[in-house]
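Working notes, beginning with the structure itself.
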Amino acid sequence: MIITIADPTPGQAAYQAFVQRIVGASALLGILGLLVGVGLTAWSLRPVLAALRQRERFLAATAHELRTPVAALRSICESAQRGDEAPQLALTRMDGLLRSATHTLEDLLLFARLDAGASLERQPVRLDLLVETLLPDDDSVTLDAAATVVNLDPRLVTVAVRNLLENARKHGVASVQSHIHVTVAGTQVTVEDQGKGFAAELLARRETDFALSPTQGGTGLGLAIVNMVARLHGGALRLENRVEGGARVTVSF
């Protein structure tokens, strides 16, 4: 038996080409659909992944912020047990450390609430008077402020300004003669000190990129809270090093 295979007619060739195109187009659409599905899934998971990363940073920062006072308490207890330190002095030092640790825990919880989307309770506030109430009674801090009324959340702004002042006192003052200068102008509060200034790594960050981090030399939690409060008010946090030495922090609400 002899089987002869003839060339397809023009109509059959056109039909075969049409089928091949349909199959190719279907495969291409299937691949595009898969890619789009993967992209949409990844996009929908972005908030979840961001929340998980933020939770990891929060836990790391919590451990970092509490490690120092816990180690100090252990050292004081061991010193008192050996008889190297009077019990009353040891108790006084432990009380100070516990108060500091409590304040740190309160700040950590506040940051968690702000990060979860806490709402503002705005009201007209004399920003200059609010800042003035937070200054110490001594002459270590000078204030230059004009009367200004700002619509803000006084509780959160109080926490933010107090954190700025504490950071300047702890990390900025280089000597007994140095002092901190605070300026209130409009919706802005500026705190300047005469210390060593900020590290280049911290200054290189964008204004919206002050994330809670356990690697910022003790300033991470305070700056993270200040930045969060400022952004909730539609403002910003800006860090600078002064030409004459020291740091300058400006926060707007």
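Being under 26 Å from the mean Cα position of the chain (by Cα) and buried (at least 17 other Cβ atoms within 10 Å of the Cβ) is the requirement here; does Ala160 meet it?
yes
Working carefully through the options Asp84, Asp107, find the one that is surrounded by fewer than 13 Cβ atoms within 10 Å (Cβ to Cβ) and at pLDDT below 90. Step through it out loud before you land on a result.
On the way: Asp107 fails: surrounded by fewer than 13 Cβ atoms within 10 Å (Cβ to Cβ).
None of the other options fit; the residue is Asp84.
Checking Leu134 against (1) within 17 Å of Asn163 (Cβ to Cβ); (2) more than 22 Å from the chain's Cα centre (by Cα); (3) outside the structural domain of Leu223 (by TED's automatic domain parsing), which single condition isn't satisfied?
The single condition Leu134 does not satisfy is (3).
Residues of the stretch 133-157 being within 17 Å of Thr190 (Cβ to Cβ), outside any loop (DSSP other than H, G, I, E, B) and among the polar types (S, T, N, Q), which ones?
Thr142
Just to be sure I understand the filter: pairs with C-beta atoms under 6 Å, separated by 6 or more residues or on different chains, first member in the stretch 120-144 and within 18 Å of Phe253 (Cα to Cα), second member loosely packed, with under 11 Cβ neighbours inside 10 Å. Which pairs pass?
Asp128/Ala147
Residue by residue through the stretch 136-152, note down the ones that are closer than 20 Å to Val226 by Cβ and modelled with pLDDT under 90.
Within the stretch 136-152, Pro136, Val141 meet the criteria.
Considering every residue within the stretch 167-180, establish whether at least one is among the charged types (D, E, K, R) and either assigned to a loop (DSSP other than H, G, I, E, B) or modelled with pLDDT of 85 or more (or both). Walk me through it before giving the result.
Of the stretch 167-180, the ones among the charged types (D, E, K, R) are 169-170.
Adding the requirement that they be either assigned to a loop (DSSP other than H, G, I, E, B) or modelled with pLDDT of 85 or more (or both) leaves none.
Within the stretch 167-180 (the criterion being among the charged types (D, E, K, R) and either assigned to a loop (DSSP other than H, G, I, E, B) or modelled with pLDDT of 85 or more (or both)), the answer is no, since none of the residues qualifies.
For every residue, the table says whether it meets (1) in contact with a strand residue (DSSP E or B) (Cβ under 7 Å, 6 or more places away or on another chain); (2) outside any helix (DSSP H, G or I); (3) modelled with pLDDT of 90 or more.
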| position | (1), (2), (3) |
| --- | --- |
| Thr183 | yes, yes, yes |
| Thr190 | yes, yes, yes |
| Pro214 | no, yes, no |
| Leu221 | no, no, no |
| Gly234 | no, yes, yes |
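For a quick check of your reading of the model, give me the residue pairs whose first member lies in the stretch 92-103 and is in a helix (DSSP H, G or I), whose second is among the small types (Gly, Ala, Ser), with beta-carbon atoms closer than 7 Å and at least 6 apart or on different chains.
Leu97/Ala72
The values are calculated or read from the model by the stated rules, or taken from the named source; none is laboratory data. Not measured: the values here are computed from a predicted model. Backbone-built Cβ (ideal geometry, glycine too); neighbour counts: all protein chains shown.
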